[in-house]
Amino acid sequence: MVGRNLKERGWRRVLKIYGLKQCSTTQKVKKHLEEQGLTFGEIIDIRDQPPMAEEIAWALDQVDGRYTKILNTSGGLYRELGLKDKLTDMSEEAFLALLSEQGMLIKRPLIVGDEVATAGSKVDFLDRIWLNK
């Protein structure tokens, strides 16, 4: 999908953004992409309303299936669950189910469009996916 403009990709008009409303990183990413012409709804609290497994799978697709690229590895829940030692044996289905139940395990913000999603705040990556730069 990368390489086509937003209209050709058939994006929904309003993108979803999961994160924490008071998180400055989530707010900065949202502001940056809005300044580039993208439209978002309100920030969805990832703790109260974790994304669906399918949405997380779309983000995983953007990083070639590498679990750690969408995981919040610096969070307490990641350490508490001992995921570092469990990831190599975890199926993708189990990984997606876990993240869809425990939203705090996902790098923030998680931005969701039509069959595409990104996790994290690296502007170069976000611009490449969402703005075709």
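The values are calculated or read from the model by the stated rules, or taken from the named source; none is laboratory data. On a predicted model such as this, the values are computed, not experimentally measured, just so you know. Reconstructed Cβ throughout: ideal geometry from the backbone, glycine too, with neighbour counts over all protein chains shown.
A residue that is hydrophobic (A, V, I, L, M, F, W, C), in contact with a Ser or Thr (Cβ under 8 Å, 6 or more places away or on another chain), assigned to a helix (DSSP H, G or I) and without any contact (Cβ under 8 Å) to a residue 40 or more places away in the chain occurs nowhere in the range 64-78. The single condition from (1) in contact with a Leu (Cβ under 8 Å, 6 or more places away or on another chain); (2) at pLDDT 95 or above that G75 fails is (2). Filtered by the rule that a residue be surrounded by fewer than 18 Cβ atoms within 10 Å (Cβ to Cβ) and assigned to a helix (DSSP H, G or I), the range 81-92 gives K84, D85, K86, L87, T88, D89, E92. I'd like the full set of residues that are in contact with a helix residue (DSSP H, G or I) (Cβ under 9 Å, 6 or more places away or on another chain), modelled with pLDDT of 95 or more and exposed (fewer than 14 other Cβ atoms within 10 Å of the Cβ), limited to the range 29-49. Of everything in the range 29-49, those that are in contact with a helix residue (DSSP H, G or I) (Cβ under 9 Å, 6 or more places away or on another chain), modelled with pLDDT of 95 or more and exposed (fewer than 14 other Cβ atoms within 10 Å of the Cβ) turn out to be R47, D48, Q49.
To keep it simple, each residue is scored yes or no on (1) part of a helix (DSSP H, G or I); (2) in contact with a strand residue (DSSP E or B) (Cβ under 8 Å, 6 or more places away or on another chain); (3) closer than 20 Å to I44 by Cα.
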site: A97; (1), (2), (3): yes, no, yes
site: S100; (1), (2), (3): yes, no, yes
site: S121; (1), (2), (3): no, no, yes
site: K133; (1), (2), (3): no, no, no
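With the condition kept exactly as written, say whether any residue in the range 93-114 is surrounded by fewer than 18 Cβ atoms within 10 Å (Cβ to Cβ), over 12 Å from the mean Cα position of the chain (by Cα) and at pLDDT below 95. Yes; the residues of the range 93-114 include at least one that is surrounded by fewer than 18 Cβ atoms within 10 Å (Cβ to Cβ), over 12 Å from the mean Cα position of the chain (by Cα) and at pLDDT below 95. Listed conditions (1) under 13 Å from the mean Cα position of the chain (by Cα); (2) crowded, with 17+ Cβ neighbours inside 10 Å; (3) of a type outside the set (V, I, T) are all met by Y78, apart from (1).
Annotation note: Cβ proximity below 6 Å between a residue of the range 107-133 that is at positive phi and a residue that is charged (D, E, K, R) (sequence gap 6+ or interchain) occurs for G120/K107. With respect to the conditions (1) at pLDDT 95 or above; (2) within 18 Å of V116 (Cβ to Cβ), G3 falls short on a single one, namely (1).
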